[in-house]
Amino acid sequence: MTSALAGTAIPPVLAEVVRSGFVEGRHRGSLVVLAADGSVELALGDPAAPVFPRSSNKPMQAAAVLRAGLDLSGERLALAAASHSGEGFHLDLVRKMLAEHGLSADELRTPPGLPLDPAEAETYLAAGQVRQRVTMNCSGKHTAMLAACALNGWDRTNYLDRAHPLQRLVHDVIEDVSGERVTAVGTDGCGAPLMAISLTGLARAFRRLVLAEPGSAERRVADAMRAHPEYVAGTRRPDTWLMREVPGTLSKMGAEAVQAVALKDGRALAFKIDDGAKRALGPVLARALENMGMDSPVVGRIGHVPVLGGGAEVGAIRAVF
């Protein structure tokens, strides 16, 4: 079916919102699954069209700071690829990394924010805290970027400019690991340049990360994220649950309902919900993983997104492919 207005194909429905047995909403999108050999096993919608992967690009951005010579590992490297929840251990490590590299929180160009996790945000505000640059969920990535600039003698005041040496390197790394050209460059929510690739390219990039040669920048990022998933997301986040409970899995969500996952054997998936509704992420991800043969209790946990009425569960968001 095509849109009479735009003349383009309407993406298929990937999830439905069911309340009291009645379908009250639908979420359309595109999805791709790659087989272990990298071939396309399943394509729904138009996974060849360019999208902004948002924070699903962060593992490639972290690989770029390693290629720039920055020596990060363990929790620090995981945090460089993170959309952290703003839990205490996240903020403590960001501040420690800033100090280790002789940096100030004032140099961060993240917009001042609250913890991403709602429970953490409530606790933070109740303690009388205010929005800070360190608290914004991308502060680990920005700290790593600033540290790479300090190491190389690059200007730290304009490290987010598209023409900055670091951002040119990020651009090259994304093209390298995705196997395709960046088709558009925008500005992400944190202010960093945002490179558009296709969902197929995004899945290919995650596959490349898990299969890369041990010791390479890409593999070091994947290994750090998988070893320290709580630093990539947070204790109450599906990316953390999946990487912790299914060894070898690499997972990273992005704003506007983007998700990318690679399994240790090289199978990979990427999808985007067109309307950006993150409530559909879990059910769609769980169904895709089930279709790939993943049999783990965490899949059901990720896929269960209840619809509430009067504080009670009266329905659910369910995948329909």
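Please verify whether R219 is open to solvent by 30 Å² or more (accessible area, probe 1.4 Å), assigned to a helix (DSSP H, G or I) and either under 28 Å from L289 (Cα atoms) or touching a residue at least 24 places away in the same chain (Cβ under 8 Å) (or both), treating the condition exactly as stated.
yes
Can you tell which of V51, V18, V33 is open to solvent by less than 30 Å² (accessible area, probe 1.4 Å), farther than 25 Å from A203 by Cβ and at pLDDT 95 or above?
Criteria check complete, one pass: V18.
Criterion first (of a type outside the set (G, A, S), modelled with pLDDT of 95 or more, over 22 Å from I317 (Cα atoms) and open to solvent by 30 Å² or more (accessible area, probe 1.4 Å)) does V40 satisfy it?
Criteria met by V40.
Being closer than 22 Å to A316 by Cβ, open to solvent by 10 Å² or more (accessible area, probe 1.4 Å) and in contact (Cβ under 8 Å) with a residue 60 or more places away in the chain is the filter here, so list the residues in the range 266-278 that pass it.
K272, D274, D275, A277
Could you list, in sequence order, the residues of the range 251-265 that are closer than 21 Å to M195 by Cα, part of a loop (DSSP other than H, G, I, E, B) and either free of Cβ contacts under 8 Å to residues at least 60 places away in the same chain or open to solvent by 10 Å² or more (accessible area, probe 1.4 Å) (or both)?
Residues satisfying the conditions are A255, E256.
Here is a yes/no grid of residues against (1) modelled with pLDDT of 95 or more; (2) out of contact with any Leu (no Cβ under 9 Å at 6 or more places or on another chain); (3) closer than 18 Å to S85 by Cβ; (4) among the charged types (D, E, K, R):
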site: K252; (1), (2), (3), (4): yes, yes, yes, yes
site: L263; (1), (2), (3), (4): yes, no, no, no
site: K272; (1), (2), (3), (4): yes, no, no, yes
site: G282; (1), (2), (3), (4): yes, yes, yes, no
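Within the range 58-70, identify whether any single residue is more than 19 Å from the chain's Cα centre (by Cα) and open to solvent by 20 Å² or more (accessible area, probe 1.4 Å), and answer yes or no.
yes
Are there any pairs, at least 6 apart or on different chains, whose C-beta atoms fall under 9 Å, with the first in the range 177-196 and touching a residue at least 60 places away in the same chain (Cβ under 8 Å) and open to solvent by less than 10 Å² (accessible area, probe 1.4 Å) and the second in a loop (DSSP other than H, G, I, E, B) and small (G, A, S), and if so, which?
V177/A212
Which residue out of P297, P306, P283 is open to solvent by 10 Å² or more (accessible area, probe 1.4 Å) and closer than 21 Å to V246 by Cβ?
Result of the check over P297, P306, P283: P297.
Hand me the list of helices (runs of 4 or more DSSP H) wholly inside the range 65-137 holding 1 or more residues that are among the β-branched types (V, I, T) and free of Cβ contacts under 8 Å to residues at least 60 places away in the same chain.
88-100, 118-126
Given the structure, is S73 within 30 Å of L308 (Cβ to Cβ), of a type in the set (G, A, S) and open to solvent by 70 Å² or more (accessible area, probe 1.4 Å)?
No, not satisfied.
Give me a count of the residues in the range 23-64 that are touching a strand residue (DSSP E or B) at 6+ places or on another chain (Cβ under 7 Å), assigned to a loop (DSSP other than H, G, I, E, B) and among the aliphatic types (A, V, I, L, M).
So the answer is 3.
Just checking, does the range 229-236 include any residue being on the phi > 0 side of the Ramachandran plot and either part of a helix (DSSP H, G or I) or open to solvent by 20 Å² or more (accessible area, probe 1.4 Å) (or both)?
Scanning the range 229-236 turns up no residue that is on the phi > 0 side of the Ramachandran plot and either part of a helix (DSSP H, G or I) or open to solvent by 20 Å² or more (accessible area, probe 1.4 Å) (or both).
The values are calculated or read from the model by the stated rules, or taken from the named source; none is laboratory data. Since this is a predicted model, take the numbers as computed values, not measurements. Using ideal geometry, Cβ is built from the backbone for each residue, glycine included, and neighbour counts are taken over all protein chains shown. Accessible surface areas use protein heavy atoms only, side chains included; no ligands, DNA or RNA. Shrake-Rupley method; radii C 1.70, N 1.55, O 1.52, S 1.80 Å.
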